[in-house]
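Only the coordinates and a few stated rules stand behind these numbers; no lab work does. Note that this is a predicted model, so its numbers are computed, not measured.
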Amino acid sequence: MSFEVARRLLRVGAHMAFFMGLLVAAGSSRADSSLDEARRFFAEFVRLERSFDPALADLYASDAVIRVVQRHPGAEVRTIDIPGAKYQELLRAALPIAKMKGDTNRYSEMSYRREGARVRIEARRHSNATQHGSPISMRVGPDEQGHWKIFEETTETQP
């Protein structure tokens, strides 16, 4: 191989490495963007929840799966799955009652991680009314129209 051919190959290799770096950076930027959007979405979730706004129900996809895990004394565990559309109805009905009771939550131990096209949000939710803390997990992301929604939520409660 001549010196000139080797030099051209090195130049082409350097250009390919540069463009591969751009592609990796662009993918990383999209991931960071999704995580930032998930943080904004969750902040809106908390704002609507704290103000007892019925628009909170609209953050749930109608085909979402809401799983409530009830931990009873004696280690008995009961799991209830609620379809998104039904949960939207239940939430709209429960918000005025929660408002009358002043039942608010605060969140800590937040984490966000990508799961394919969506983002998993995990946190510890502390009820100010019951003084009980429990884990909550949500899978959120854009729907077909690009609106961010909750597609899956798992919470734990104690009776």
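Summary value for segment 33-157: 27 percent relative contact order, contacts being C-alpha pairs under 8 angstrom separated by 6+ residues. Extension gain, Ala94 to Ala43: 0.36 nm times the residue separation minus the Cα-Cα distance gives 16.3 nm.
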